[in-house]
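Scroll down for the structure; my scribbles are underneath it.
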Amino acid sequence: MERAVRVVQTRLLSPSVRSLSLAIAGDDGSPFTFVAGQWINLNVPTPGGVEKRAYSIASAPADPLVELAVTQ
């Protein structure tokens with residue numbers, strides 16, 4: 001299921017890793033369910049077009065927030 005997300009917070013965890021907290025926007029009312037080890041795909045706009053990238057979920061989501069750890 002595709003959902004729009006909005007970055008609500010970023011934190012530097014180490015010199016090469018940043019935490020992104022994403023709010024799930026436009027929720028259709030169904031809860032965001034989570035299984036340990038799960039990842040999400042994000043469609044990331046780049047100068048060359050949109051790229052799909054997979055990111056592991058860093059902690060159990062607190063609906064509607066999801067936290068990712070991204071290397072820089």
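The values are calculated or read from the model by the stated rules, or taken from the named source; none is laboratory data. Please read these numbers as outputs of a predicted model, since none were measured by experiment. Virtual Cβ from ideal backbone geometry, glycine too; neighbours counted across all protein chains shown. Just the protein is used for accessible areas: all its heavy atoms, side chains included, with ligands, DNA and RNA removed. Shrake-Rupley method; radii C 1.70, N 1.55, O 1.52, S 1.80 Å.
Extending each Cα 7 Å along its Cβ direction at residue 7 and residue 35, get the distance between those two points in nm, one decimal.
2.9 nm
If I take every Cα pair under 8 Å that is 6 or more residues apart in the chain, average their sequence separation and divide by the length, what percent do I get for the relative contact order?
32 percent
Where only protein heavy atoms count, and the probe is 1.4 Å, what is the accessible area per residue for the chain in Å²?
Heavy-atom accessible area per residue stands at 70 Å².
State log₁₀ I(q)/I(0) for the chain at q = 0.19, 0.21, 0.24 Å⁻¹ as given by the Debye formula over alpha-carbon point scatterers of equal weight, solvent excluded.
-0.83, -1.00, -1.26
Dipole magnitude of the chain about its Cα centre, charges +1 at Lys/Arg Cβ and -1 at Asp/Glu Cβ only, in debye to the nearest 20?
Dipole size: approximately 280 debye.
With all protein chains present, how much of the accessible area of the chain (probe radius 1.4 Å) comes from carbon and sulfur, to the nearest whole percent? The partial results should precede the final answer.
Details: 2800 of 5030 Å².
That share works out to 56 percent.
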